[in-house]
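Just below is one structure, and these are the notes that go with it.
The values are calculated or read from the model by the stated rules, or taken from the named source; none is laboratory data. As the structure is a prediction and not an experimental result, all values here were calculated from the model. Every residue, glycine as well, gets a Cβ built from its backbone with ideal geometry; the counts of neighbours run over all protein chains shown. Areas reflect the complete protein model, heavy atoms only, side chains present, ligands, DNA and RNA absent. Shrake-Rupley method; radii C 1.70, N 1.55, O 1.52, S 1.80 Å.
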Amino acid sequence: DRDGKRKSCADDNSPLIRSKLKDEINEKGWKGKIRISNSGCMGVCAQGPNVMIYPQKIWFSEVFPGGVDNIVSTLERIMSDV
């Protein structure tokens with residue numbers, strides 16, 4: 001979070017994005033299998049908010065609350081392979 005001085009991952013409703021992701025994970029029964037957390041700087045603040053699925057290293061940049069469904073779809077594919 002750069003307090004609005006420059007673009008960062010903390011901009012553009014990032015708390016809402018995190019909350020929606022957590023809700024989806026809980027709804028799908030994946031709590032304990034998938035963890036939603038904050039991270040330190042990943043070096044791509046200008047493209048934030050950013051979401052990374054790790055260890056698969058799948059990146060989503062310029063994420064908005066409406067993009068959570070796309071992230072969840074990716075997680076569904078990953079979980080189906082587990």
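If only residues of the range 22-37 that are farther than 27 Å from residue 2 by Cα and in a helix (DSSP H, G or I) are counted, the one that is farthest from the chain's Cα centre (by Cα) is 27. Against the criterion of being within 12 Å of the chain's Cα centre (by Cα) and either open to solvent by less than 80 Å² (accessible area, probe 1.4 Å) or not acidic (Asp, Glu) (or both), residue 73 does not qualify.
Results for (1) over 23 Å from residue 79 (Cβ atoms); (2) outside any strand (DSSP E or B); (3) in contact (Cβ under 8 Å) with a residue 40 or more places away in the chain; (4) among the charged types (D, E, K, R), shown as yes or no for each residue.
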residue: 17; (1), (2), (3), (4): no, yes, yes, no
residue: 20; (1), (2), (3), (4): no, yes, yes, yes
residue: 39; (1), (2), (3), (4): no, yes, no, no
residue: 43; (1), (2), (3), (4): yes, yes, no, no
residue: 49; (1), (2), (3), (4): no, yes, yes, no
residue: 52; (1), (2), (3), (4): no, no, no, no
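For the range 38-65, filtering for residues that are at pLDDT below 90 and either among the hydroxyl-bearing types (Ser, Thr, Tyr) or more than 16 Å from residue 9 (Cα to Cα) (or both) leaves 1. The set of residues in the range 22-37 being open to solvent by 90 Å² or more (accessible area, probe 1.4 Å) and in contact (Cβ under 8 Å) with a residue 12 or more places away in the chain consists of 33 alone. For residue 57, the criteria (1) surrounded by fewer than 10 Cβ atoms within 10 Å (Cβ to Cβ); (2) more than 29 Å from residue 80 (Cα to Cα) hold in every case but one, which is (2).
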